[in-house]
């Protein structure tokens, strides 16, 4: 099941109710901007390979929950769609979530498109009586023509963890980062404006309330071993993720937190 957004200026986006997962974004005057593996499993309960997976309440395997938590595998409810270019989805705690994470919550995803921009907001409210903490990310897969010709700008001087080697305290030296082989990095307190330069146009990746950024590409060997990645798929994608990992969010009873990622295409 999916929901489709249309803007008056010609943009279009598709969101799967499985995970409140944006699977397609076609802005005005441009083609598809998100990578979605042709071998991805789109059925309910599956983890979709591509688009914008919602990571909550745990990033990766940094905790005791299943990898990347459970939000991306849950069926979300379309709560509001009274505007053709905007929709709000919600997920509440249920028997399954409470069995592995015993907290009451309301998570909301708001998707808005306009012209050359896509904005995805994640909000979490503690609806229970005790505090909880979590990490989160919007695991955005950007479509690129050729990863070898792609450059990422805006991270020079930022400290990161190299998750491939397990090395902490690395510092980004390059003003324009090339993606070579398997890359899996968590940049802490990163710039809120990063630029992905591609052959024909660029994408500005702006984070609002997310302090960290994750950059990921599986490289040829890991990509070939992934059952849901299309052949040579790593060459056509780059994940640039708005994230909150280094300092988990702590919510007291009744508190609400929100953060967003905005993508803007430019020539």
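The values are calculated or read from the model by the stated rules, or taken from the named source; none is laboratory data. Model, not experiment: these values are computed from the prediction. Cβ coordinates were reconstructed from backbone atoms using ideal geometry, including for glycine residues, and neighbour counts include every protein chain displayed.
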_Test result for residue 17, modelled with pLDDT of 95 or more and either more than 16 Å from residue 261 (Cβ to Cβ) or crowded, with 16+ Cβ neighbours inside 10 Å (or both)_ = yes
*Which one is farthest from residue 51 (Cα to Cα), of the residues in the range 142-152 that are under 20 Å from the mean Cα position of the chain (by Cα) and part of a loop (DSSP other than H, G, I, E, B)?*
150
*asked:* Restricting to the range 153-210, give me the number of residues that are over 29 Å from residue 26 (Cα atoms), touching a strand residue (DSSP E or B) at 6+ places or on another chain (Cβ under 6 Å) and in a strand (DSSP E or B).
replied: 7
*Looking only at strands (runs of 3 or more DSSP E) that fall completely inside the range 70-119, which ones have 1 or more residues that are modelled with pLDDT under 95, touching a strand residue (DSSP E or B) at 6+ places or on another chain (Cβ under 6 Å) and closer than 24 Å to residue 140 by Cβ?*
77-83
*Which one of these does residue 55 not meet: (1) under 28 Å from residue 126 (Cβ atoms); (2) out of contact with any strand residue (DSSP E or B) (no Cβ under 8 Å at 6 or more places or on another chain)?*
(2)
